[in-house]
1. Can you confirm whether I74 is open to solvent by 20 Å² or more (accessible area, probe 1.4 Å) and part of a helix (DSSP H, G or I)?
2. For L91, which of the numbered conditions (1) open to solvent by 70 Å² or more (accessible area, probe 1.4 Å); (2) modelled with pLDDT of 80 or more fails to hold?
3. Out of L314, L305, L326, L366, I need the residue that is open to solvent by less than 20 Å² (accessible area, probe 1.4 Å) and within 22 Å of G255 (Cα to Cα). Which one?
4. State yes or no: is N349 touching a Leu at 6+ places or on another chain (Cβ under 9 Å) and either surrounded by 18 or more Cβ atoms within 10 Å (Cβ to Cβ) or in contact (Cβ under 8 Å) with a residue 40 or more places away in the chain (or both)?
5. Please work out which one of (1) more than 30 Å from E177 (Cα to Cα); (2) touching a Ser or Thr at 6+ places or on another chain (Cβ under 9 Å) is the condition K90 fails and give its number.
6. Need pairs with beta-carbon distance below 8 Å; first residue closer than 14 Å to H202 by Cβ and within region 161-190, second of a type in the set (A, V, I, L, M) and modelled with pLDDT under 90; sequence gap 6+ or separate chains.
7. Mind checking which residues of region 88-107 are in a helix (DSSP H, G or I) and either free of Cβ contacts under 8 Å to residues at least 40 places away in the same chain or touching a strand residue (DSSP E or B) at 6+ places or on another chain (Cβ under 9 Å) (or both)?
8. Just to be sure, is L264 at pLDDT 90 or above and in a helix (DSSP H, G or I)?
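The values are calculated or read from the model by the stated rules, or taken from the named source; none is laboratory data. Since the structure is predicted, the reported quantities are computational estimates derived from the model, not experimental observations. For neighbour counting, all protein chains shown are included, and Cβ atoms are generated from backbone atoms with ideal geometry for every residue, glycine included. Areas reflect the complete protein model, heavy atoms only, side chains present, ligands, DNA and RNA absent. Shrake-Rupley method; radii C 1.70, N 1.55, O 1.52, S 1.80 Å.
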Amino acid sequence: MKTKIIPALFDAAEAPMLLINDQVHEWSNARFRELPESLRRSVLSWAQNQPDEWLELEGYRFQRLQVEEHTAIIGYVVDRNRLQRTLLLKLIPALQLGGDPYQNTAAVLGPLLGWKNCLAAKRKSNRTLEVLGHWQDGQLLSPTTLPLTGNAAQAFYEGESPKDQQKGLAREFPLDELIQETPSALWMGQRLDLPEQQGVGHLCIWNPPEHVDIDLAEWLLGLAADTLSAWLMSHAQAANKDYEPSNEPLDQLTGLPGPKTFDLALIHAVSTHQQTGQDFLVALVDIDGLTHINDQYGKPAGDRLIHRFADDLLNMCRRRDQVFRLGGDEFLLLMPITHTPPPVTKRLNRISAQIREKMPEFGLNLATATLSEVKGSGEELMLTIDQRLKALKSAK
């Protein structure tokens, strides 16, 4: 009698509920039966096969109450703050554990959102995407490479001012081989950006369950993308400086590392270029006529100029760029190249124009070379730069 009364009392409850007896689904109330089928399957699978006390999915938090072979599952709506905390508490440790960050992100975000597909892709070239993480129906698929042309995310990587988030029906992207078989499915994507480097990859989801909160899914997708981008940025900074530091002290006037540290950084850049194809630009900059400036304005004024110019170089650089003082009036820049070489000349011209407003005698000489044009040889790169600088001064 009691087993009939209790379900009757809770059948109209606002909270979704179900009862499991000896691993068999025995009863569920009307609110649970109204949930999307994919969500019901996920909850039931968790309740029967996983020991975790809690399950958070699609804005719900389900709690397990168990006495002997009887289990009650009660769900309630959670707010965005709780979902944000859940995502970060799962995603950040997953990224820190190592492995591919794109795959780790898909593995965490997929179950949390509950959509059928959750994909994390990296831009491999101007024509291809590398799908490193694809969570589908509870499992991760093997990495694959896809053409960028016709992909639903193509707009993220093309155009002068592409949007960083978009959504649409799968039928709008008939050339996308992953979603073309489900033309009525909703597709939603978020671009991954780094400082001064838009579109290093993207996250996307499609085939949502019924009655899903689209705004909530869009917000979580953006949060996951921001978290992954921040991790990629910090990891890239560490990777770009992954070499043993020299015992060389920093330059006392500018606080910059010196030539010995540059030599180590260049060796690492050459190794990276050989292993991954990552290209680097090296720029040699010297202040034109520093001796004349010292004679006219005094040595303290010349020192202040060097200090200011070093700060200007640091301010014009991106986070991944490195600045060194070679000695005297000479500075070196080591800059990774993404899609196109950084506009060093344009930035230096701006700096030079500002300094000349107070010191008309100020001028700069600049010579650059890339590892790719010297076939990855650090020695050949520095020889090329030296020859170009001498030719420039001879022409003056």
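1. Values: open to solvent by 20 Å² or more (accessible area, probe 1.4 Å): yes; part of a helix (DSSP H, G or I): no.
No: the conditions fail for I74.
2. If we test L91 against (1) open to solvent by 70 Å² or more (accessible area, probe 1.4 Å); (2) modelled with pLDDT of 80 or more, just (1) comes out false.
3. Numbers: L314 fails: open to solvent by less than 20 Å² (accessible area, probe 1.4 Å); L326 fails: open to solvent by less than 20 Å² (accessible area, probe 1.4 Å); L366 fails: open to solvent by less than 20 Å² (accessible area, probe 1.4 Å).
Testing whether each residue is open to solvent by less than 20 Å² (accessible area, probe 1.4 Å) and within 22 Å of G255 (Cα to Cα) leaves just L305.
4. Working: touching a Leu at 6+ places or on another chain (Cβ under 9 Å): yes; either surrounded by 18 or more Cβ atoms within 10 Å (Cβ to Cβ) or in contact (Cβ under 8 Å) with a residue 40 or more places away in the chain (or both): no.
The answer is no for N349.
5. Condition (2) is where K90 drops out.
6. That search, which allows pairs on different chains as well, returns P162/A155; K163/A155; Q166/A155; K167/I214; M188/I214; M188/A217.
7. Step one: of region 88-107, the residues in a helix (DSSP H, G or I) are 88-96, 101-107.
If the condition is that a residue be in a helix (DSSP H, G or I) and either free of Cβ contacts under 8 Å to residues at least 40 places away in the same chain or touching a strand residue (DSSP E or B) at 6+ places or on another chain (Cβ under 9 Å) (or both), then L89, K90, P93, A94, Q96, P101, Y102, Q103, N104, T105, A106, A107 are the ones that fit.
8. no
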